[in-house]
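Undergrad: Here it is, the structure, as structure tokens.
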Amino acid sequence: MLDLRRIRQEPDEVRARLAVRGKAGETDAAVGRILELDEERRALIGEGDALKARRNAVSLEVAERKRRGEPADEVIAEMRGVADRIRDGDTRLREIEGEIERLLLNIPNTPNPAVPPGDESCNQTVREWGERREFAVPPRPHWEIGAELGILDLPAGAKVAGSGFPAYRGQGARLQRALVNWMLDLHTGEHGYAEVAPPFVVNRAAMTGTGQLPKFEDDAYGIGEDDLFLIPTAEVPVTNMHREELLDAERLPIAYTAYSPCFRREAGAAGKDTRGILRVHQFEKVELVRFEHPERSGEALEELVGHAETVLQRLGLAYRVLLLAGGDLGFSSAQTFDLEVWAPGVQRWLEVSSCSTFSDYQARRASIRFRPAGGGKPEYVHTLNGSGLALPRIVVALLENGQRPDGTVDLPEALHSYIGTTRLGG
């Protein structure tokens, strides 16, 4: 969440940065309400401190009068009135602080200065890599290729769970496993990440800590009786592993990678990309999560993007890197680079990774701090994460780019030893 002191001291700057997201009216109103409540809160604190000081003084006066055998009824009556005012003030203070917290939890992060304003049409292409494959005949979409090879069974998935829950068979299932193992080996062996096997369900505090709640509860799969949630990404459990911790500066940076299934209702995307596995409710992903010193946040984001790019380069897939505009940023993100691969069968660029820095936004929500080297007041870490990578659209790109006239699919060399073959269907 945003720092209340920052809102109080730099309200115009906070409003200006939030306006880059394109919802100035909504966020301006929230900021204005927070400022009103904060002013009332500080007045109540001042009044309460004065009343408590008066209560202490009255208590001493009552004791002194009783010691001297003098009547104290008038003073005792005053003390009762003071106590009532203190109680009422404390009640109102708790109400105000609760409302401020609710407002802060629903205000998105402020974009970094490098983030351009506008919606997704204002996203900026930073660079492209690789050449798009040329085909003698129009390339087929992945759902046709997968069905003919018997590796993608969408009807079976829909039968047991509903639309958006794909099933993979034979070499398709093996391809999923191969991609996960290869990516984890790459990130741990070459990029320096420590592997984590996290829980696939989390509590409400964890979802709140990374920004999924309360804003996006409708997009989550909840387990009502236990107040738990199926994870939308490994970012949630892995980031919250250090919730409410004070880390030593010497431990930074901390870098984790984790495999997990991901579950998303995609409530706001109903009816979009219904064919194939372009948009699904369950998918596998390898995640990269970093905890950084604030001074290294920008450099760490560049490293994170580079690690995700390495995956695509080793797979030989043409891709581009986009700097997202403010209106396309995720709720908690301060700056995001998307990686998109070219899928010739559907003739589209497909997002396979979002690499983001969240500044101290998540750390404030989850209370993750570090003690500076040499002592000093604890500071909030900066958190970052990115997909390294998400599998469904990588599978789409592999099938559509590797397709051959005989119906088989060539696989990139990086996967040969992991899947035990050079070609699907061969």
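The values are calculated or read from the model by the stated rules, or taken from the named source; none is laboratory data. What you are looking at is a predicted structure, and each value in this text was computed from that prediction instead of being measured. Please note: Cβ atoms are built from the backbone with ideal geometry, for glycine as well, and neighbour counts cover all protein chains shown. Only protein heavy atoms, including side chains, enter the accessible area calculation; ligands, DNA and RNA are left aside. Shrake-Rupley method; radii C 1.70, N 1.55, O 1.52, S 1.80 Å.
Undergrad: Restricting attention to helices (runs of 4 or more DSSP H) lying wholly within the stretch 1-98, give those where 3 or more residues are farther than 22 Å from residue 360 by Cβ.
TA: Correct list: 24-68.
Undergrad: Open to solvent by less than 30 Å² (accessible area, probe 1.4 Å), modelled with pLDDT of 95 or more and in a loop (DSSP other than H, G, I, E, B): which single residue out of 297, 359, 353 fits that description?
TA: Just one listed residue meets the conditions, 359.
Undergrad: Report whether or not residue 39 is over 22 Å from the mean Cα position of the chain (by Cα) and surrounded by 13 or more Cβ atoms within 10 Å (Cβ to Cβ).
TA: Spelling it out, it is not the case that residue 39 is over 22 Å from the mean Cα position of the chain (by Cα) and surrounded by 13 or more Cβ atoms within 10 Å (Cβ to Cβ).
Undergrad: Follow-up question, since we're still on this one. For a quick check of your reading of the model, give me the residue pairs whose first member lies in the stretch 159-172 and is touching a residue at least 40 places away in the same chain (Cβ under 8 Å), whose second is among the β-branched types (Val, Ile, Thr) and open to solvent by 40 Å² or more (accessible area, probe 1.4 Å), with beta-carbon atoms closer than 9 Å and at least 6 apart or on different chains.
TA: Taking only residues 6 or more apart or on different chains, the pairs are 163/274; 164/274.
Undergrad: Which of the residues spanning the stretch 99-130 are among the hydroxyl-bearing types (Ser, Thr, Tyr) and not in a loop (DSSP other than H, G, I, E, B)?
TA: 121, 125, listed by residue number.
Undergrad: Turning to a different aspect of this structure: Consider the stretch 271-293. How many of its residues are in contact (Cβ under 8 Å) with a residue 24 or more places away in the chain and open to solvent by 40 Å² or more (accessible area, probe 1.4 Å)?
TA: 6
Undergrad: Evaluate the following for residue 78: is it within 29 Å of residue 368 (Cα to Cα) and either of a type outside the set (Gly, Ala, Ser) or modelled with pLDDT of 95 or more (or both)?
TA: For residue 78, the condition - within 29 Å of residue 368 (Cα to Cα) and either of a type outside the set (Gly, Ala, Ser) or modelled with pLDDT of 95 or more (or both) - is not met.
Undergrad: Considering only the stretch 263-270, I want to know if a residue exists there that is within 18 Å of residue 384 (Cβ to Cβ) and open to solvent by 10 Å² or more (accessible area, probe 1.4 Å).
TA: Within the stretch 263-270, none of the residues are within 18 Å of residue 384 (Cβ to Cβ) and open to solvent by 10 Å² or more (accessible area, probe 1.4 Å).
Undergrad: Now for a separate question. Let me confirm something: among 197, 234, 220, 206, which residue is within 15 Å of residue 265 (Cα to Cα) and at pLDDT 95 or above?
TA: 220
Undergrad: Regarding the stretch 169-176, can at least one residue be identified that is open to solvent by less than 60 Å² (accessible area, probe 1.4 Å) and touching a Pro at 6+ places or on another chain (Cβ under 7 Å)?
TA: Within the stretch 169-176 (the criterion being open to solvent by less than 60 Å² (accessible area, probe 1.4 Å) and touching a Pro at 6+ places or on another chain (Cβ under 7 Å)), the answer is no, since none of the residues qualifies.
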